[in-house]
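Visitor: I'd like to ask you about the structure that follows.
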Amino acid sequence: MKKSAFVTGADRGVGLALVKGLLNQSYQVFAGQYAEEVPQLAELKDAYGERLQVLRLDISSDDSVAEAWRIASKQTEQLDLLINNGAILGDIGASVLDPLNYTEMMDVFNVNTLGSLRMSQTFMPLLLKSDSKLLVNISSEAGSIGDCYRESWYAYCMSKAALNMQSKLIHNGIKPHGGRVLVVHPGWVQTYMQGKLDAGATLTPEQSAASILQLVAARLSEDAAEADCEYVDYAGNALNW
Ligand SMILES: NC(=O)c1ccc[n+]([C@@H]2O[C@H](COP(=O)([O-])OP(=O)(O)OC[C@H]3O[C@@H](n4cnc5c(N)ncnc54)[C@H](OP(=O)(O)O)[C@@H]3O)[C@@H](O)[C@H]2O)c1
């Protein structure tokens, strides 16, 4: 049977590159589109037809996630792979000695931490019906408490650390059912997450996505019952939680 995958935050960057990579690997792909119009996704839809379903998706909204579930669950009976990729950065300048924007921080938490949980919890029935049962949370090295060196980036770092904890909790919950969670830092990637192209970054979105999909392929060939919840970078190097 053809494998199916769902990628959130597929408008651009790593998410769009993951969608392209999965289509190239013959997956049936559900792509969560956040912005109203995304020409790249429309072009992919023209090229791949039924193999790509583009769904409007705001992971910060209960209703939007429920609507995505309603549509996707009519189109597939199982989901092999859910990649929680969508995220926002928030302020990266203020330290504890500066004014902090709590309203914005709650928005970042709602997207980065609760958005992933909304998706994972909602789509878990479909995921657990598949053979693969693989949940991939795109986190960041910025979520590592052990290796924290920053003194700002409050919302982002805390939201990703909480995502890491969430990943462990979900892993513990689904391991008895044959599921597993892989937490991935995608590397330093040339995307627009900081509001403008981060041209100094070391990886293109395509390079990052290709490496992540290699990690996925390797995990799919292993016995999930034996697996721990891993926190690795795009090259597969273990990170400190
Ligand atoms: N770039 C890096 O160096 C780096 C490093 C470490 C970790 N990461 C992680 O990698 C992942 C991908 O980031 P990226 O670098 O590719 O940045 P990006 O291009 O900004 O991608 C983030 C995606 O999330 C979407 N999004 C924003 N708010 C959303 C919402 N409420 N619901 C659903 N989707 C939403 C964005 O849509 P719009 O573009 O339409 O706003 C965009 O498609 C993120 O989880 C990020 O934290 C990136």
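Visitor: Do you know which residues across the range 121-159 are under 16 Å from the mean Cα position of the chain (by Cα), over 16 Å from GLU230 (Cβ atoms) and among the small types (Gly, Ala, Ser)?
Guide: Within the range 121-159, ALA142, SER159 qualify.
Visitor: Within the range 122-148, take every residue that is buried (at least 21 other Cβ atoms within 10 Å of the Cβ) and within 11 Å of the ligand (Cβ to nearest atom) and give me the one that is farthest from ASN112 (Cα to Cα).
Guide: Step by step, filter the range 122-148, then rank; the result is VAL136.
Visitor: Now, a different point. Specify the residue that is surrounded by the most Cβ atoms within 10 Å (Cβ to Cβ); the eligible residues are those in the range 76-109 that are under 15 Å from TYR34 (Cβ atoms) and touching a Ser or Thr at 6+ places or on another chain (Cβ under 6 Å).
Guide: ASN84
Visitor: Could you count how many residues in the range 187-203 are under 11 Å from GLY13 (Cα atoms), touching a residue at least 40 places away in the same chain (Cβ under 8 Å) and out of contact with any Asp or Glu (no Cβ under 7 Å at 6 or more places or on another chain)?
Guide: Of the residues in that region, 3 qualify.
Visitor: Given the conditions (1) buried (at least 17 other Cβ atoms within 10 Å of the Cβ); (2) touching a residue at least 40 places away in the same chain (Cβ under 8 Å); (3) more than 10 Å from the ligand (Cβ to nearest atom), and given that SER73 satisfies all but one, which numbered condition is not satisfied?
Guide: Status for SER73: all satisfied but (1).
Visitor: Regarding ALA72, is this residue assigned to a helix (DSSP H, G or I), of a type in the set (A, V, I, L, M), within 18 Å of LYS2 (Cα to Cα) and out of contact with any Cys (no Cβ under 9 Å at 6 or more places or on another chain)?
Guide: Answer is yes for this residue.
Visitor: Within the range 149-166, which residues are among the aliphatic types (A, V, I, L, M) and surrounded by fewer than 21 Cβ atoms within 10 Å (Cβ to Cβ)?
Guide: MET158, ALA161, ALA162, MET165
Visitor: Right, next: Does GLY179 satisfy the condition of being touching a strand residue (DSSP E or B) at 6+ places or on another chain (Cβ under 8 Å) and either at pLDDT 95 or above or surrounded by fewer than 19 Cβ atoms within 10 Å (Cβ to Cβ) (or both)?
Guide: yes
Visitor: Scan the range 76-90 and report the pairs whose first residue is within 14 Å of VAL65 (Cβ to Cβ) and within 13 Å of the ligand (Cβ to nearest atom) and whose second residue is in a loop (DSSP other than H, G, I, E, B) and not polar (S, T, N, Q), with Cβ atoms within less than 6 Å and a gap of 6+ or a chain change.
Guide: Hits for this filter: GLY86/GLY9; GLY86/ILE59.
Visitor: Filter the range 25-68 for residues that are within 16 Å of the ligand (Cβ to nearest atom), in a helix (DSSP H, G or I) and among the small types (Gly, Ala, Ser) and give the result.
Guide: ALA42, SER64, ALA66, ALA68
Visitor: For the range 1-24, which positions are within 11 Å of the ligand (Cβ to nearest atom) and out of contact with any Asp or Glu (no Cβ under 6 Å at 6 or more places or on another chain)?
Guide: If the condition is that a residue be within 11 Å of the ligand (Cβ to nearest atom) and out of contact with any Asp or Glu (no Cβ under 6 Å at 6 or more places or on another chain), then VAL7, THR8, GLY9, ALA10, ASP11, ARG12, GLY13, VAL14, GLY15, LEU16, LEU18, VAL19 are the ones that fit.
Visitor: So which residues in the range 189-241 are outside any helix (DSSP H, G or I), under 25 Å from LYS168 (Cβ atoms) and acidic (Asp, Glu)?
Guide: Selection gives GLU222, ASP223, ASP228, GLU230, ASP233.
The values are calculated or read from the model by the stated rules, or taken from the named source; none is laboratory data. For clarity, every value in this text was computed on a predicted model and none was experimentally measured. Note that we place each Cβ from the backbone using ideal geometry, even for glycine, and neighbour counts take in every protein chain shown.
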